[in-house]
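Okay, structure first, notes after.
Please treat every number below as a calculation from the coordinates, not as lab data. Owing to the predicted nature of the structure, the values given are computational and were not obtained by experimental measurement. FYI the Cβ positions are ideal-geometry reconstructions off the backbone, even for glycines, and counts take in every protein chain you see.
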Amino acid sequence: MTHRHDHTDEKLWNSLKSATDSERAEILQILGWRHIRQQKWARAVALLEEAKDAYLRLGLESQMRECANWIGRCLGNLGENERAILAHKEVLASLIDNDPTNDWVGKTLDAIGCQYRDAGMHDLAEAWFGQAARQHDANGDAELAVNSARKWINSIAATRQWSSMAEAASIVLRNSDTIIDHIRAHVGTVHAACAGVAEEVDVVVLLAKCDRLVSACDDVESAFEVELAHVAAMRQRGDLAGASDRALKGRAAAREYDSADYQAEFLLQAAACLADVEPARAESFLLVAKDLGEVLGDTSIEDRAEASLMQVREHMRSAHDELTGSQQSLW
């Protein structure tokens, strides 16, 4: 870019009348950037589309990709996720064809993951965040690798599909030196181990390490994550009574902290522990969790609560039918 960045909007608009093709593309891009800073997303998209087309005619691939990337981000801010994803995929295709080792490959993969996440499609987001984390890790960019891997871990947790957690955790542990990142990575590894989809690890040792790390920082959410991991480990060992008690204590702490999302998570875990022995109580917990998910606009919580409700209610119907049949046979 040139000194035109110092020009007023009025001067830029006036200069378009006599601008060459390359000057026009640059001016339109500057105006688009200014509208982004003003959060005028729709106008920014229109200007950047013009700039992108102008750069395309000039054969300036790098500038064209930059415009397309920011078009995607603006569309995401407008809630137009499908158009945003298409814009980012256009950038990605161009990069793979022309410059596959460019840093923007990982950034674009991450941007696509963000659009799927924001649309509530965590299963699709997880795969894109994974690709982004791997790309940044391979490029040796620790900060970007950790940033994408954090999102990858969150998407894995949202879908409860733990098979990629060990890889995501290893990227975080290799590239980050923050306590909170290490806690989340270890917690994810515990959940994966409890689900039986990770290499064998000593869950007790990992949880003890998590407890020590939590004691060294002042992060309430990390403490809740560690508590959820403890509950998962107790369930995996078959201590359902102890797990449900711990989950309900965690729920009480989350309520005191006014954290609706962690309240819901602890209630989901408590209900899972009680589903077979106290189904009516489990049902009441799941209804609260579902309502909390609705308040938060978190479809992942709502969907998991609804799926568990169906199972609990089916169990209650089966138990009722079995009891009714037994009573009839006595007569």
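See the values below:
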{"quantity": "Crossing angle, helix 81-98 versus the chain [Cα axis fit, 0-90 degrees, rounded to tens]", "calculated": "60 degrees"}
{"quantity": "Rg over Rh [alpha-carbon atoms, Kirkwood Rh] for the chain", "calculated": "1.12"}
{"quantity": "Fewest-first ranking of 67, 217, 114, using other Cβ atoms within 10 Å as the exposure measure", "calculated": "217, 114, 67"}
{"quantity": "Helix 61-77 axis, angle to the chain major axis (alpha carbon atoms, nearest 10°)", "calculated": "50 degrees"}
{"quantity": "Computed over region 256-320, Kirkwood Rh from alpha-carbon pairs, angstrom", "calculated": "11.6 Å"}
{"quantity": "Computed helical MRE - 222 nm, the chain, DSSP H runs ≥ 4 contributing -39500 (n - 2.57), nearest 500", "calculated": "-27000 deg cm²/dmol"}
{"quantity": "Taking N as its residue count, the alpha carbon Rg of region 23-175 over 2.2 N^0.38 Å", "calculated": "1.09"}
{"quantity": "Using θ = phi - 60° and Karplus 6.51 cos²θ - 1.76 cosθ + 1.60, couplings along region 249-263 (whole Hz; Gly, Pro as x)", "calculated": "5, x, 4, 4, 5, 5, 5, 5, 7, 6, 10, 5, 5, 6, 4"}
{"quantity": "Ranked 170, 222, 215, 148, criterion: other C-beta atoms within 10 Å, fewest first", "calculated": "215, 170, 222, 148"}
{"quantity": "FRET E, pair residue 99, residue 204, Förster distance 51 Å, beta-carbon r, rounded to 0.05", "calculated": "0.60"}
{"quantity": "Lysine pairs with alpha-carbon atoms under 22 Å apart, the chain, spacing 8 or more or separate chains", "calculated": "11"}
{"quantity": "FRET efficiency, residue 82 to residue 61 (Cβ-Cβ, R0 30 Å, nearest 0.05)", "calculated": "0.75"}
{"quantity": "Ranked 116, 55, 257, criterion: other C-beta atoms within 10 Å, fewest first", "calculated": "257, 116, 55"}
{"quantity": "Charge dipole (debye, nearest 20) of the chain; +1 at Cβ of Lys and Arg, -1 at Cβ of Asp and Glu", "calculated": "480 debye"}
{"quantity": "Sites residue 284 and residue 39, calculated FRET efficiency, Cβ-Cβ separation with R0 41 Å, nearest 0.05", "calculated": "0.40"}
{"quantity": "Rounded tilt (10° steps) of 142-159 against the dominant C-alpha axis of the chain", "calculated": "40 degrees"}
